[in-house]
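Where a number appears in this text, it was derived from the coordinates with a stated rule and is not lab data. Just so it is clear, the model here is predicted, and its values are computed rather than measured. Here the Cβ positions follow ideal geometry from the backbone for every residue, glycine too, while neighbour counts run over all protein chains shown.
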Amino acid sequence: MKTRSPALLAAGLLLASASTQAAVPTTATLYKNPQCGCCDGYAEHLEARGIEVEIIENRELHIIKQEAGIPYGHGSCHTVMLGDYVIEGHVPFAAIETLFEERPDVDGLALAGMPQGTPGMPGPQQAPYEIMSFTAGQASLFMTL
């Protein structure tokens, strides 16, 4: 009878779990106001990570945000559709990676406002970024960066 080494078994389990993790999609759609330059900076942040971003300029962003279920008070200057999730605002890529690794049953992530130092926004980080997840218009803390 053949025996398998514990190290080989552990390596196989690790490889299997890594291959079942969902990868971040390679395409996204970003909705923004035509005059907003920081939104273009956020698109560049995603593109630098291998995501092809289609930018749609739209002055009726409130309708897109409402249809996406963005909770009141958690909006920002742009809304991104990425796979099955909505990414609202200047959410750092580390949070997006965690979202797609964990695949929680949420509608998406939001970082309210336009915090200094976030992707697309100039300046150094002034305070921890509270990334919220949301479902059906209700938000809860997802992570702090």
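Looking at the stretch 22-144 only, what percent of DSSP beta bridges run antiparallel? Nearest 5 please. Could the numbers behind the result be given before it?
On the way: 17 of 27 bridges.
Given both bridge residues lie in the stretch 22-144, the antiparallel proportion sits at roughly 65 percent.
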### Message
What are the ³J(HN,Hα) couplings of the stretch 136-145, residue after residue, when phi is run through the Karplus curve with 6.51, -1.76, 1.60 and θ = phi - 60°? Round to Hz, x for glycine and proline.
### Response
6, x, 10, 10, 8, 5, 9, 6, 10, 10
### Task
Take each of the peptides 105-117, 44-56, average the number of other beta-carbon atoms within 10 Å over its residues, and list them starting from the highest.
105-117, 44-56
### Query
Which residues' amide hydrogens lie under 5 Å from the amide hydrogen of F142, considering only partners 5 or more residues apart or on another chain, with H built in the peptide plane?
I131, M132, S133
### Query
To the nearest 0.05, what FRET efficiency results for T98 and R59 with a Förster distance of 25 Å applied to their C-beta separation?
0.20
### Karplus (6.51, -1.76, 1.60) ³J(HN,Hα), θ = phi - 60°, over the stretch 96-106, in Hz, Gly and Pro reported as x
5, 4, 4, 4, 7, 6, 8, 6, x, 7, 10
### Query
Ordered by residue, what ³J(HN,Hα) values in Hz, to whole numbers, does the stretch 25-30 give under the Karplus form 6.51 cos²θ - 1.76 cosθ + 1.60, where θ = phi - 60° and Gly and Pro are x?
x, 9, 9, 8, 10, 10
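Have a look at the DSSP beta bridges in the stretch 78-122 and tell me what percent are antiparallel, nearest 5. Intermediate results must be reported in sequence, preceding the final value.
Numbers: 4 of 8 bridges.
Percent antiparallel among DSSP bridges in the stretch 78-122 is about 50.
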